[in-house]
Every structure is written in structure tokens, then in C-alpha cells.
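Peer 1: Can you read through this structure? Questions will come right after.
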Amino acid sequence: QVQLVESGGGLVQAGGSLRLSCAAAGLTFRRHTMAWFRQVPGKEREFVSRITWGGSTYYADSVKGRFTISRDTAKNTVYLQMRSLEPEDTSVYYCAAPSRPFTDVSGPDGMNYWGKGTLVTVSS
């Protein structure tokens, strides 16, 4: 059974930083694209960033230059370093992965595994 467990969310002032972590179990982590999404109540879940099994990284325009995604295959963990946070970044952040290895997908419909999310609140 695949489990994705996010951590690292919290309350931070605008301009501050947070690092989110997602620990994965039950899949061959090094073979999978791992992604971060976020969702505000009443809005659609939106793509934030992803990293492929090969280490290629992609970002939403809204976070480019401020967020950095990385992965540690020894720890089966993917990270999202968030800097220069803005109130608009306030959201629940979810870790996700497709079920098929060596598959790169970007949208939420392509993801089969999801964590329960971690709340990030940025105060102005």
C-alpha cells in the first residue's frame, strides 16, 4: 500500500520560508515522478512543482524562482523549499505521484497517489 505523508506546514510571515517534506512508502521511489499541488477551499487543486525520476524539475509560473523541489532517494522523501512566501501561497499543500513508474504527468488527473496534505498559512 502506497503512503505519502507530508509535513512541514505551518504559519509564517510574508517574506519568510518553509520547507515541506513528503515521505513515500510502498513504491519504488526512485522510479517515480513526485509532485506538489495546492488547494484553497472552493478552488481547484493547482500544480505547484514536480520532479521526475531523472531529476528534471518543473514549476508553476506563480512559484518559479521562489520554490525549489528536490528529492532524496536514500530517504524516499521529496522536499519543497519555499522562500519569499506571499499571502497568496496560503493553501493546503499535497504530495502526489502517478502509479506507473517512469511516467511524467503534470496535472492532478494523472496522479494516483495523494497525501493528506499540510497547511501553509502566510500572514501579511
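The values are calculated or read from the model by the stated rules, or taken from the named source; none is laboratory data. It should be emphasised that the depicted structure is a prediction, and the values quoted were computed from it without experimental measurement. In this analysis, Cβ positions are derived from the backbone assuming ideal geometry, glycine residues included, and neighbour counts consider all displayed protein chains. For accessibility, only protein heavy atoms count, side chains too; no ligands or nucleic acids. Shrake-Rupley method; radii C 1.70, N 1.55, O 1.52, S 1.80 Å.
Peer 1: Scan region 50-63 for residues that are of a type outside the set (Ser, Thr, Tyr) and either closer than 15 Å to CYS22 by Cα or in contact with a strand residue (DSSP E or B) (Cβ under 9 Å, 6 or more places away or on another chain) (or both) and jot them down.
Peer 2: Once the filter is applied, which keeps residues that are of a type outside the set (Ser, Thr, Tyr) and either closer than 15 Å to CYS22 by Cα or in contact with a strand residue (DSSP E or B) (Cβ under 9 Å, 6 or more places away or on another chain) (or both), region 50-63 yields ARG50, ILE51, TRP53, GLY55, ALA60, VAL63.
Peer 1: Return a yes/no flag: does region 56-76 have any residue that is outside any loop (DSSP other than H, G, I, E, B) and basic (Lys, Arg).
Peer 2: Within region 56-76, one or more residues are outside any loop (DSSP other than H, G, I, E, B) and basic (Lys, Arg).
Peer 1: Something else: Given (1) of a type in the set (A, V, I, L, M, F, W, C); (2) over 16 Å from VAL120 (Cβ atoms); (3) without any contact (Cβ under 8 Å) to a residue 24 or more places away in the chain, where does ALA60 come up short, assuming only one miss?
Peer 2: For ALA60, the failing item is (2).
Peer 1: Identify the residue in region 87-111 that is over 14 Å from the mean Cα position of the chain (by Cα) and more than 30 Å from ALA14 (Cβ to Cβ) and, among all such residues, is surrounded by the fewest Cβ atoms within 10 Å (Cβ to Cβ).
Peer 2: ASP109
Peer 1: Which residues, taken from region 17-75, are aromatic (Phe, Trp, Tyr) and touching a helix residue (DSSP H, G or I) at 6+ places or on another chain (Cβ under 8 Å)?
Peer 2: Passing the criteria: PHE37, PHE47, TRP53.
Peer 1: On to the next question. Tally up the residues in region 73-86 that are of a type outside the set (Val, Ile, Thr), open to solvent by less than 20 Å² (accessible area, probe 1.4 Å) and closer than 16 Å to SER56 by Cα, please.
Peer 2: 1
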